[in-house]
Structures are given as structure tokens and as C-alpha cells.
Amino acid sequence: MKNNLKLHFIAALTLIAVSFPSGGTTPVYLDCSKPVEQRVEDALSRMTLEEKIAVIHAQSKFSSPGVRRLGIAELWATDGPHGIRPEVKWDEWSQASWTNDSCVAFPALTCLAATWNGDMSRLYGESIGEEARYRGKSILLGPGVNINRTPLNGRNFEYMGEDPYLASVMVVPYIKGVQSNGVAACVKHYALNNQECNRHTVNVVVDDRALHEIYLPAFEAAVKVGGTWSIMGSYNLYKNQHACHNQYLLNDILKRDWAFDGVVVSDWGGTHDTAEAIRNGLDLEFGTWTDGLSKGAGNAYDNYHMARPYLEMIKRGEIGTGELDDKVRRVLRLMFRTSMDRNRPYGSLCSPEHYAAARKIGGEGIVLLKNEREVLPLDLSKIKTIAVIGENAVKMMTVGGGSSSLKAQHEISPLDGLRNALEGKADVVYARGYVGHTKGDYDGVSTGQNLRDDRTAGELTAEAVEAARKADCVIFVGGLNKSGKQDCEGTDRQQLELPYGQNELIAALAKANPNLVVVNVSGNAVAMPWAGDVPAIVQAWYLGSEAGNALADVLTGRVNPSGKLPMTFPKRLEDIGAHSAGQYPGVERGDGSHVADCRYDEGIYVGYRWLDKNKIDPLFAFGHGLSYTTFGYGKAKAVRDGDGSLTVTVPVTNTGSRDGSEVVQLYVSDLKSSLPRPVKELKGFRKVSLKPGETVEVVFSLDDRSLSYYDADKSAWVCEPGEFEALVGSSSADIRSKVKFHGPLAN
Ligand code: BGC
């Protein structure tokens, strides 16, 4: 009996050893200690054809199934890119009505780009990644890096400006921060998605040089340096093929030239052809039949291009399984990097740290465009009454704008932020001034604000002017908003000018009170015909949950502004290449296809490159932004290093009386070349913080790629021998020191 018991005990121990992971019988694909590639191959070898097809298309608005039989989890994606989108129903865009899906709204990506600070990008990525992780998401649909080709593009606020180098540097830490949480970034929209007008039908006609020099570098950096685990194809066509299944963009460039090992996700409804989707690089199809069950299209997800139609082609022998295995490998790789990584952190939602991050990034991204007579920061020893005027002082901006719309746990309006900051120090009065967009709801999320006001424009102006006259200082907060045909997905703006009669109102306010500060809330450049008549102008972007606090920080001087414009503010729309030399929004072919060809005839001359070439003065230049202190630049020096690079140094001194940060910018000019080249191109920047009187030696490093152009005939980057010039300055229009040198650097 005793012996029997002993035997039973030994048998039990053996059983435990057999079934317990450390006993060595855990399948490789479930073993987190094994290399991802081994896990991928093991899982793939166990999957049936049907299971493979299932993991490459959606099962709901934002998820794809895993492999339940094998214990492989579902994959959940979320918008992106400014906060974690509230939950929608399984098959519909309307709200699932959860009570625990509010988030922190971070500043829009234009604001992040305006910080010109990689540390802010890392903080942003880590914070939003933690929120995504806590909400159980494996893919964050962002960041967006489409180049700002025209200020009319309704989605520019979701992107990182007009310059490929700035966007390339800023996108990388965001990706790394997100992915440090075991959540994949999904960089979008690849590629050439530079307008919302005709976004599903526009066929972009761009030369290879502009494609490589302007439109691709940020995506290339996202893949090669950021190591993004997924990328989203865009809606438009290129070379007559939709970007979501495009031989050139996906197979040739992304997967062959850049060796991308992640997942190409279709934009929602961006897949149009099964055979192309199979062969031309798409890996995971989302959102084609978005009516799902609601319109009775029986189990519509099965009708996706990469669902039953694909399966049937294989079964009929029309196509093999080589492409399928490649797609499944990529999806499994992403799963093992995210949802199937048991060691990933747990994340957190709406934490004090995330609010602090949103406020800090907002404060660093706000751009002080003009500040005469030191109207800013507000001098509270002289100011008793402040009149705050304008709809955007009270309007919640985190709801609206399309798929980036959020359900923020809270949002501080500019008026509330100012009232909080000025309490007990100055009286704040508010007047509406104009009525713009009174609604505050999107896909069933509502701000709860009712901004209806039936007074006439004359009555509103009279009230605002009266308030301005009586005050010591006026802060007008206006600009655009997230409604259709403004800063909003799906439509483009119709004009560069401010809407709702704001120009007339600002002109009237400028006459009523000389101490007028105009705060422009937008994700795009706007025309400012009154710029010469107002002493102070602030570009405030969409700042998210902490909008009012971040703005008040800058206006009161708690934060010394250090943001710089990531795009040119032109005086007129015609001063932009796309509207002068290129086409916008394209010309319909008229052959019944609805395809509109859009020729990017301005080529590489996008943003400041166009203004430089044509000697056009901007309203505010790319890279421009003031501080409450001043900075002096010494002489730039260039020294060739033995390793094939060049070091450019410049001493920069805080010549004012406050602590402050300056973004020191390095542009390169090719003084003689066989091809036309831009007058100058951004190739480096550093943000330095200095105490009054302090000097720092700012150091840049250049290599041959920084001096090269893309040779379309050779399909290669070429650095021509000859003289170059490094231009160091405070903006693209404010060069303080230059130094010549010879290239190439490598020999
Ligand atoms: C947008 C994407 C977004 C997706 C899912 C599409 O319409 O273009 O940016 O991620 O919807 O909401």
C-alpha cells in the first residue's frame, strides 16, 4: 500500500512534468522563450488552409481572428494616431457604448512635429502605446507621415509636415515608443495619399525622383530605422494600381528594397481586386465590406477579397499557396511580437503621467509666430482684464475629424485653461465673436456641448468689439475645426482663408484694442491678411485633452515657446507648388472609371523648396518659431571626419533674459550640380535648452546620403563631386551662418 502510494506519487509527478511548459512539451509556437521565427514556422506548419485564410482578413470592424484551435489570440487594431479610439460595434461604426473606453487625447501629430524634438516623439509613442496595450490592442493605426503637399488636405493635422527629413526623424521614436509596449505601430498611409478629395479614385502621377526624395523617406525611415511592425496601404492609386495592392510600392520598394518583414494592412475598404491583393503585397485585409451583418450580406467578411475568393482560387488550382504562406508568416510574426508575447508590459490608461505628457508635448509644439512690443507673455502686473474672444476658445476639438476622433476622458478648453491659470490674477471675460460649427458629435460620441447661438454676425461682432475695448488685452482664439471641409478626413478645405468671417472680426478687434493676441487653432496653414495689424500670433494646433492648460502655459510664460513650423504658411494658395505648377485635385478621365489623374508636376519642389526656387516670401517660413528669449549664432565650421562624414558645428548663445530652447536647423545646398536641385534642404536639427548668457556648441553630422539626389535613371542615390554649403539657421528663411565644403564625403 505504501509502495503503491509512492508509485502513484511518482506517476503524478511525471504527468505534471509532461504537461507543464518547463517539461519541454510546450509547442514551440507557444513558447515565449523561443525566437519569433521558430514560433512562426511551427505555428504555420500546424495550420489548415482555412485557418491560414482566416488570419489574413477581418472578422469585425477592427479585429481579425487568431487560430482558436491552437490557442492563438485574436488581433485587435485601433485608431490612432492621437489617442485610442472608443469601441465601436462589431460590424458598425456606431458606438459600442462602453463606459471604460475613454482615453487621453494627445496633441495632433502636426503639433508633435512642431516640437522638433525626438524625445517628445518617444514620450508620445510610449504613452499612447501604454493606452493601446491597456485596452488590449495589438496594432495602433498610426502614426501618419504623408507629406503636406497642399494646405487644403483635410488630413494634414494627422501628419508630420512638409519636409521628408523632419518627418523621418520624428516618426522613428514614436514607433519605438509604441512598440516597446508590445503593440505594433501601423505607419500610414503608404503612399502618396496627399489629399482627401477623390481619395479613393485619384491616380497620382509623380516622377521617380520626387517619389524617392519627398514622399517615401519618412516611410523608409519608419521601416529601416523605426522597425515598424506594420504599415497601412493608402486609398489612392499609383501607376494605375491601388496602393493597397501595388506592385511598385509594396513588392518592389517596401518588401524588396527595404526588406520590410512586417504586415501590410489595407486601409479600410482599400482592397479592390483579389488577384492583385494576392500577388502585390497585401497581407491583411480590413474593412472592405463594412456593412457587415447590418445590411444582411450574409457573413460579409467571407466575401472579402482575401477570404473565400482567395480560398476558391487556390482550390481551383488558379494560384498556389506560396503567397499565402508569406502573408500568414507576416501576420504570425506580428502576433508573436504583440498579442502572443506573454512578457509584454500591461500598459495603463488615463494616468497622470499621460496627461502630463500631453501637456508637455502641447506646450513644446505651440509656435509663437509673431510677438511685437512683447505683448506676450501676458504681463499680469499691468493687465487687470483680459477679453477672450472666439468659438475655438470654448469648442471641444477631440471629437470629429474622422477616424482620429476620440472619446477623451476630459478636455480643457482654452478658456478654461486661461481661467484656471489667471484665477485671482486677472479678470477674464468671454465673448463668442462668431458662430462656426455648433455641433460636437462624431459616430455617436458627443462633447455634450451645445454651441448654438442665433445672434447675427453684426450682434456678435459688436459684443466682441465692446469687450475688446474695455479690456487691457485681447486673446482671440479662432481658426479651423474638425468639421467637414476643414481639418477633417474625407474632404479637403475649399480655401486657404479662415472661415466664418473671422478675418473681418480680427480686423475689427485689432482696431478696438492694440494688445491683440491671435491664437490660430488648426492643423494646416491659413491665410492671415491681418498679420501686419496684430502684434502677436500663436499657432496652437489641436492640442487634445490638455489643450487649454498647454496654451495657458505658453501665453502666461510658464512655458517659454520653442515650437517651429513643420510646414510653410504661404501668403496665398498660388504660392504653393501643387497649386502653381502641379495639379490639384486631379482631372477625371471621363471614361466611366471615375479615376482622376493628379499630376505632381511641381516634382521635388514641395513646401519651402518651391518658395525658395521661385523667390517667394512666405507669410511664415518652414522652421519659423519665436521664443520669449533670443538666440545668437556664431560662425559655423565644417570638419571632415576620417570615417566619411562631415561634422558641422555652430555656437549658439541665449542672448535674452529667460531660460529657453532653440531648434537649430541645418540645411544643405549643392552649389553646382548636373540636375536642378532645391536651393536648400533640411538635413539636420537639434533642440538645445540654454540659460540666459549660456552658449553651447551645436554639433551636426552629415554623410553622403544627406548630399545626394535620387537618380531616376540609375534608381540610386547619387552624391556628385563638387562644392556644397551647410546653412545653419533659426528657420528656412533665417539663415545665420554658412560654411562651404566639398563632397562626396566617403573618399
Ligand atoms: C482611414 C484610416 C483609419 C481607418 C480605420 C480609414 O478610413 O483612412 O486612417 O485607420 O479608416 O478607422
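The values are calculated or read from the model by the stated rules, or taken from the named source; none is laboratory data. Treat the numbers as computed from the prediction; the structure is a model and nothing was measured. Note that each Cβ is placed from the backbone with ideal geometry, even for glycine, and that neighbours are counted across all protein chains shown. These accessible areas exclude ligands, DNA and RNA; they are computed on the full protein's heavy atoms, side chains included. Shrake-Rupley method; radii C 1.70, N 1.55, O 1.52, S 1.80 Å.
At a Förster distance of 60 Å, what's the computed FRET efficiency of residue 381 paired with residue 738, Cβ-Cβ distance as r, to 0.05? If you can, show how the numbers build up before the last one.
Values: r = 42 Å, r/R0 = 0.70.
Result of the calculation: an efficiency of 0.90.
Could you give the dipole magnitude of the stretch 648-737 about its Cα centre, charging the beta-carbon of Lys and Arg +1 and that of Asp and Glu -1, in debye to the nearest 20?
280 debye
What FRET efficiency, computed as 1/(1 + (r/R0)^6) with R0 = 41 Å and r the Cβ-Cβ distance, is obtained for residue 689 and residue 209, rounded to the nearest 0.05?
On the way: r = 38 Å, r/R0 = 0.92.
For R0 = 41 Å, the calculated efficiency reads 0.60.
Nearest 0.05, what FRET efficiency do residue 601 and residue 251 give at R0 = 30 Å with Cβ-Cβ as r?
Values: r = 27 Å, r/R0 = 0.90.
Efficiency at R0 = 30 Å is approximately 0.65.
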Other-chain or far-sequence residues with amide H under 5 Å of residue 190's (modelled H):
232, 233, 234
Explain nothing, just compute: Karplus ³J(HN,Hα) = 6.51 cos²θ - 1.76 cosθ + 1.60, θ = phi - 60°, for every residue of the stretch 140-153 in order, whole Hz, x for Gly and Pro.
9, 7, x, x, x, 9, 5, 6, 6, 8, 9, x, 7, 4
Distance between modelled label sites at residue 712 and residue 353, nm, 7 Å Cα→Cβ extension:
4.9 nm
What net charge is computed for the residues neighbouring residue 87, neighbours being all others with C-beta under 10 Å from the C-beta of residue 87, Lys and Arg scored +1, Asp and Glu -1?
+4
So how far, in whole Å, is the C-alpha centre of the stretch 656-682 from the one of the stretch 716-747?
8 Å
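How much of the accessible area of the stretch 375-492, in percent, comes from carbon and sulfur atoms when a 1.4 Å probe is used?
Details: 2250 of 4790 Å².
Accessible surface attributable to carbon and sulfur in the stretch 375-492 totals 47 percent.
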For the stretch 447-538, just say rounded, prolate or oblate: build the C-alpha gyration tensor, square-root its eigenvalues into a ≥ b ≥ c, call rounded for a/c under 1.5, and beyond that prolate if a/b exceeds b/c, oblate if not.
oblate
Vicinal HN-Hα couplings computed from phi for the stretch 396-403 (Karplus, 6.51 cos²θ - 1.76 cosθ + 1.60; Hz; Gly/Pro x):
6, 10, 8, 9, x, x, x, 5
Let me know the charge dipole size of the chain about its Cα centre in debye, to the nearest 20, where only the beta-carbon of Lys, Arg (+1) and Asp, Glu (-1) is charged.
1380 debye
How far is helix 502-512 tilted, in degrees, relative to the longest principal axis of the Cα atoms in the chain, given as a value from 0 to 90 rounded to the nearest 10?
40 degrees
Projected onto the charge dipole of the chain (unit charges on the beta-carbon of Lys, Arg, Asp and Glu, signs +1, +1, -1, -1), the Cα from 518, 242, 385 with the largest positive-side position is that of 385
Charge sum, other residues only, whose C-beta stays under 15 Å from residue 319's C-beta, Lys/Arg counted +1 and Asp/Glu -1
-1
Between residue 229 and residues 5 or more places away or on another chain, which pairs have amide H atoms under 5 Å apart, with H built 1.01 Å from N, and which residues are they?
185
Between residue 225 and residue 50, what is the label-to-label distance in nm when each label sits 7 Å out along the Cα-to-Cβ direction?
4.8 nm
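Return the equivalent ellipsoid semi-axes of the chain as a descending list in whole Å, where each equals the square root of 5 times an eigenvalue of the C-alpha gyration tensor. Spell out each step's value before the answer.
Values: eigenvalues 399, 198, 150 Å².
Value: 45, 31, 27 Å, ordered largest first.
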Could you tell me which of 543, 118, 263 has its Cα farthest along the dipole of the chain towards the positive end, charges placed at Cβ (Lys, Arg +1; Asp, Glu -1), taken about the Cα centre?
118
Distance between the stretch 415-487 and the stretch 334-386 - C-alpha centres, whole angstrom:
22 Å
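List the relative contact order of the stretch 523-612 as a percent without decimals, with contacts defined as Cα pairs under 8 Å and 6+ residues apart. Walk me through the numbers on the way to the answer.
Values: 74 pairs, mean separation 22.5, N = 90.
Reported relative contact order: 25 percent.
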Roughly what % antiparallel, to the nearest 5, for the DSSP beta bridges in the chain?
60 percent
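Cβ neighbours within 10 Å, averaged per peptide: list 92-100, 211-219, 688-696, 53-61 in order, most packed at the top. Walk me through the numbers on the way to the answer.
Working: 92-100: 12.1, 211-219: 24.8, 688-696: 14.2, 53-61: 22.6.
Highest-to-lowest ranking by the protection proxy: 211-219, 53-61, 688-696, 92-100.
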Of all accessible surface on the stretch 621-709 at a 1.4 Å probe, what whole percent is carbon and sulfur?
52 percent
In whole Hz, the Karplus estimates of ³J(HN,Hα) for the stretch 212-228 (6.51, -1.76, 1.60; θ = phi - 60°; x where Gly or Pro) are 7, 7, 10, 8, 9, x, 5, 5, 4, 5, 4, 7, 7, 9, x, x, 4
Kindly count the pairs of lysines across the stretch 385-497 whose alpha carbons are less than 16 Å apart, treating pairs on different chains or eight or more residues apart as eligible.
7
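If I stretch the segment between residue 504 and residue 240 completely, what's the gain in nm (0.36 nm per residue apart, minus their alpha carbon distance), one decimal?
Numbers: separation 264, 0.36 × 264 = 95.04 nm, distance 4.47 nm.
Contour length minus Cα-Cα distance gives 90.6 nm.
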Is the C-alpha gyration tensor of the stretch 70-204 telling us rounded, prolate or oblate? Criteria: a/c under 1.5 is rounded; beyond that, a/b larger than b/c is prolate, otherwise oblate.
oblate
Round to a whole number: what % of the accessible area of the stretch 87-229 belongs to carbon and sulfur, probe 1.4 Å?
51 percent
With every protein chain kept in place and a 1.4 Å probe, the stretch 376-477 has an accessible area per residue in Å² of 43 Å²
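Nearest-5 percent of antiparallel DSSP beta bridges in the stretch 169-293?
Working: 2 of 11 bridges.
Around 20 percent antiparallel, to the nearest 5.
So what is the relative contact order of the chain, in percent, for Cα pairs below 8 Å that sit 6 or more residues apart?
Working: 1858 pairs, mean separation 102.1, N = 747.
Rounded, it is 14 percent for the chain.
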Pick out, from 343, 445, 371, the residue whose Cα sits farthest towards the positive end of the charge dipole of the stretch 312-453, with +1 on the Cβ of Lys and Arg and -1 on the Cβ of Asp and Glu.
343
Please give, to one decimal in nm, the separation of the simple spin-label points placed at residue 655 and residue 439, each 7 Å out from Cα toward the Cβ.
5.2 nm
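Looking at the square roots a ≥ b ≥ c of the eigenvalues of the Cα gyration tensor of the stretch 541-608, which shape do they give, rounded for a/c under 1.5, prolate if a/b is larger than b/c, or oblate?
Taking the square roots of the gyration eigenvalues as a ≥ b ≥ c, the stretch 541-608 is prolate.
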Between residue 446 and residue 315, what is 0.36 nm times their sequence separation minus the Cα-Cα distance? Round to one decimal in nm.
42.3 nm
If each residue of separation counts as 0.36 nm, what is the full-extension length gain between residue 373 and residue 643 once their alpha-carbon separation is subtracted?
92.3 nm
Which residues qualify? For residue 238, with a placed amide H closer than 5 Å and at least 5 residues away or on another chain, they are 204, 243
